[in-house]
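The values are calculated or read from the model by the stated rules, or taken from the named source; none is laboratory data. Predicted model only: the values in this text are computed from it and were never measured. Don't worry about glycine lacking a Cβ; one is built from the backbone with ideal geometry, like all the others, and counts go over all protein chains shown.
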C-alpha cells in the first residue's frame, strides 16, 4: 500500500508538472503545410556527399561566408572568431573576435565586414580589424537576435532580427533560442534596414517566424528573407509598383531554410539546417500540446537532424538545382558561397568548412 501511494503521488506530480509548469513559450495554433518530403523536385540524392573539409583550426560552426574581390573568404564561428582563408591558404586563420556570436556576414564596397551578431547587434569590422557597433536598437526596442545581413548597391544594409523575444544569452545559445521561436510560432522576427548615411534603423517586415537569411535581389528591387519556422522565403519589394509590400517567393520547403545568398551565375543558393520535423508539424494546431512538449527533457523534444541539403532557386522562385547528403556527413548545412572554382558549404556545428569543386 505504501508503494502504491508513493507511485500515485509521483504520477500526480509528473502530470501536474507536464500540464502546468511555466515555460517561456506561448504557442499559437497554425496549420503546417503538407511536407513535400524528398520526392519530385527534392528527390533524395548524394550530390553533396564526400565534401572536401577545410580546417578551422579548432573552431566550429562556420555559419556564413563573405567574399573579397581578391578571393579571400571570411567565415564566423561559435567562439566569436571571424576567420579568413586567403586564396593560397589551406586552412582558415583567426582575424578578429566580436565578443559575441557572429552569424551572417558580408563585405561592403569599402572592404568593411558587416556582421549580424546574435549577441551584439549589427557590427562593422574595418580592414584593419577595428570593430564598431552600427545599431542594436530599432523603433524603441532592442535588436535581440541579429541573424543575417546583406548590403545593397546604394550602401543600405538589410538584416534580420530572428526573434525579438528569445535572446541567445538568456535561453541557452542561438540554437536553443531558435527552437523556442519556432515552437511558439507567434512570429517575433523582423526584417530591418540600416541607413549608414543617416545612421538610422527601420523595420520593413514584422511577424516573421524566425527571420533568418537575407539577400538583396540581383536587380536591387527587392530583398529576400528566409522565414525558417514557416518553411518559406519572403520577398520584400524596395521599388516598383509593389514597393513597401511583401509576398511569398517560395513556399512549403522540405526543411528549415537558413541562409540565402546570390549566386554569381544567377539565382540564389539556400541551405537547410535540418529536414522538417513530422512531430512538430503534427502539433502545429495544438498550442497546448506544444507547451507540454517544451516541459519534456530536451532529448525528448524535436531535434535538428544531420542531413546535408542545399538548393539553388531562380528569379521566379523555382528550384533549379538540388544537392543532398542523406547521411549528413557534413551536418546542419546552413548555406553556400559559390566562387568560380567551388561551392563552399557552411554549417551550424561542423568543425570545418565543406568544399565541393566545380571543376
Check: Is it true that residue 205 is under 28 Å from residue 132 (Cα atoms) and in contact with a strand residue (DSSP E or B) (Cβ under 8 Å, 6 or more places away or on another chain)?
Finding: yes
Next item on the list: Tell me, please, whether a residue that is outside any strand (DSSP E or B), touching a residue at least 24 places away in the same chain (Cβ under 8 Å), touching a strand residue (DSSP E or B) at 6+ places or on another chain (Cβ under 7 Å) and surrounded by 22 or more Cβ atoms within 10 Å (Cβ to Cβ) can be found in segment 235-243.
Entry: no
Note to self: So for segment 314-332 (the condition being within 20 Å of residue 106 (Cβ to Cβ) and out of contact with any helix residue (DSSP H, G or I) (no Cβ under 6 Å at 6 or more places or on another chain)), does at least one residue qualify?
What the structure shows: no
Next item on the list: Working only within segment 258-293, note down all residues that are touching a helix residue (DSSP H, G or I) at 6+ places or on another chain (Cβ under 6 Å) and in contact (Cβ under 8 Å) with a residue 12 or more places away in the chain.
Entry: 290, 292
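Condition first: assigned to a strand (DSSP E or B) and under 17 Å from the mean Cα position of the chain (by Cα). Can you find one or more residues in segment 274-281 that meet it?
There is at least one residue in segment 274-281 that is assigned to a strand (DSSP E or B) and under 17 Å from the mean Cα position of the chain (by Cα).
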Next item on the list: State the number of residues belonging to segment 120-165 that are on the phi > 0 side of the Ramachandran plot and without any contact (Cβ under 8 Å) to a residue 24 or more places away in the chain.
Entry: 1
Notebook entry, point to check: Among (1) touching a strand residue (DSSP E or B) at 6+ places or on another chain (Cβ under 9 Å); (2) at pLDDT below 95, where does residue 77 come up short?
Noted result: (2)
